[in-house]
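Let me begin by presenting the structure, written as C-alpha cells, before commenting on it.
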Amino acid sequence: MMTDTPTDNPAAALARVAAALEVGNLPDPDDRRRFADGVARWLNEGAADLEQALGLAGSVGRDSARTIYRRHLRDMALREAHGMMTGPAPWSRSVALADEIARFNSLVWPRVCHLSALPETPKPSKLRATLFAAARWRPLPNSVRAVHDICAPQLMGAIRCG
C-alpha cells in the first residue's frame, strides 16, 4: 500500500484512521481529533451530512477531498510507472508511458475494470499492475503532456519538450 499521503487532506486522514483501526492500532492523535470533531459536528451541530462535517465535501468550483486524495494516489502510481520506463530523458519516458497507458486502456482495462485486483494468471507485469492500481484510483491521462505534467512536475516550465 502507498503511504505517501498529503497530511492536510481530510480524506487522507480518514484513510489513515481506517488503516490504523483495521489492524487494531490507535490512529494518529491529530487524525483521531479531526475525525472525532467531524463526527461531533455531525451529531451535535446538525451538519447537513457526514461528508460535510468531516470536511470531505468540495465547495463550489473545488474538488472534494476524496477526489484530491484519489488523484494523489493515482499520480503516485503513475510516477512509479514512469520510473520503470527507459529513455534518455524524462520526456522520452513520458512518451513511452503514454504509449503503455494507451495500450493498457484499450487492451487490458476493459477486461479488468470491474475487478478489485488483477488476475494472478497469467502473472501481470509490474508495469501493468502499477497501471491497474493507478486506474483504480482515477482515470489515466490520455496525452503525453498530461503524463509528463504528472510524472515530471519539477520540469514544468523549465524545459519545453513538446
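Just so it is clear, none of the values below were taken in a lab; they were calculated from the coordinates. Just so it is clear, the model here is predicted, and its values are computed rather than measured. Cβ coordinates were reconstructed from backbone atoms using ideal geometry, including for glycine residues, and neighbour counts include every protein chain displayed.
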Is the C-alpha gyration tensor of the range 10-57 telling us rounded, prolate or oblate? Criteria: a/c under 1.5 is rounded; beyond that, a/b larger than b/c is prolate, otherwise oblate.
prolate
Quick one: what are the phi-derived ³J(HN,Hα) couplings along the range 29-34, Karplus 6.51/-1.76/1.60 with θ = phi - 60°, whole Hz, x for glycine and proline?
x, 5, 5, 4, 4, 4
Explain nothing, just the number: relative contact order of the chain, from Cα pairs under 8 Å at least 6 residues apart, as a whole percent.
22 percent
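Size of the dipole of the range 10-57 about the Cα centre, Lys and Arg at +1 and Asp and Glu at -1 on the beta carbon, nothing else charged, in debye to 20?
Working: 5 positive and 8 negative charges, 18 e Å.
Using only the charged Cβ atoms, the result is roughly 80 debye.
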When the dipole is taken about the Cα centre of the range 87-155, and only Lys, Arg (+1) and Asp, Glu (-1) are charged at their Cβ, what size is it in debye, to the nearest 20?
120 debye
For labels at Ala40 and Arg71 in the simple 7 Å Cα→Cβ model, what's the distance in nm?
3.2 nm
If you take mean projected area of the Cα convex hull in nm² from the coordinates, which of [x] 11.8; [y] 10.1; [z] 12.4 do you get?
[z]
Say R0 is 41 Å: what FRET efficiency, to the nearest 0.05, do Thr86 and Arg111 get from their beta-carbon distance?
0.95
Is the C-alpha gyration tensor of the range 33-84 telling us rounded, prolate or oblate? Criteria: a/c under 1.5 is rounded; beyond that, a/b larger than b/c is prolate, otherwise oblate.
prolate
